[in-house]
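The values are calculated or read from the model by the stated rules, or taken from the named source; none is laboratory data. Remember, predicted model here, so these are calculated numbers, not experimental data. With ideal geometry, Cβ positions are generated from the backbone for all residues, glycine too; neighbour counts draw on all protein chains shown. Protein only, heavy atoms only, side chains kept; ligands, DNA and RNA dropped before computing areas. Shrake-Rupley method; radii C 1.70, N 1.55, O 1.52, S 1.80 Å.
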Amino acid sequence: LHARGGIAAPRCAVRLGRALLCDAAAPAASATAAADAPPPEPAFPKLDVRVGKIVEAWPHPDSEKLWCERIDVGEGAPREIASGIRAYYAEPSDLEGRSVLVVCNLKPAKLGGFPSNGMVLCGTSADGSVVEFVEPPAESPPGERVRVDGATMPDPASPNQVKKKKLLETATADLRAADGVATYQGAPLVTDAGPCRLPTIGSGTIS
């Protein structure tokens, strides 16, 4: 087919003398299919985020950025986890005894050669000057699962699924501090005792 008046005509195909099929209709069909697709499932409910209590902390021997911690998350023995927060918590006593939120269904990873079996959630202020732990209510026991208020919480995904589907990265993109409360897509993160909070950060990100 030739263009007329300087405008290219849609490319069409004739099949066995039947009606012309034009590729100009394809984008509309694609748009309809996209509109009909179900929205993606929220990622945070698939994470196993639990209340943890730091029972011991010591500086990483080879990194000025890392604390090594033993954290009780309600299992038979504390988990060993490394956190890059030494610029914000100067002494082991600043960590020991604190209640925190721990992402527990991650594959083990070595940080500075230290085997880390989870991740502690921290908030960062809007200007980046403050980083601090997200804290559950004081009454929350180690091992209690943290929920999104009002949301259905399915069984946590496996560590392999978390990595393959990038659930942690997807979830943290929607974690925020709002008026000092930790939220996911605008809903508070809670335990049975109430919402999880940040000590001094009113608004910021959480990861």
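If you go through region 48-68 and keep only what is among the β-branched types (Val, Ile, Thr) and open to solvent by 20 Å² or more (accessible area, probe 1.4 Å), you end up with just 55. Hey, does region 95-104 have a residue that's basic (Lys, Arg), within 18 Å of residue 195 (Cβ to Cβ), part of a strand (DSSP E or B) and in contact (Cβ under 8 Å) with a residue 24 or more places away in the chain? The answer is no, given that none of the residues of region 95-104 is basic (Lys, Arg), within 18 Å of residue 195 (Cβ to Cβ), part of a strand (DSSP E or B) and in contact (Cβ under 8 Å) with a residue 24 or more places away in the chain.
Restricting region 142-167 to residues that are closer than 20 Å to residue 81 by Cα and in contact with a Ser or Thr (Cβ under 9 Å, 6 or more places away or on another chain), the residue that is surrounded by the fewest Cβ atoms within 10 Å (Cβ to Cβ) is 145.
Take the residues of region 36-47 that are open to solvent by 60 Å² or more (accessible area, probe 1.4 Å) and more than 17 Å from the chain's Cα centre (by Cα): which is farthest from residue 101 (Cα to Cα)? Per the stated criteria, the residue is 36. Condition first: closer than 22 Å to residue 41 by Cα, open to solvent by less than 30 Å² (accessible area, probe 1.4 Å) and either assigned to a loop (DSSP other than H, G, I, E, B) or among the small types (Gly, Ala, Ser) (or both). Can you find one or more residues in region 187-200 that meet it? Checked against the condition, which is being closer than 22 Å to residue 41 by Cα, open to solvent by less than 30 Å² (accessible area, probe 1.4 Å) and either assigned to a loop (DSSP other than H, G, I, E, B) or among the small types (Gly, Ala, Ser) (or both), region 187-200 yields at least one hit.
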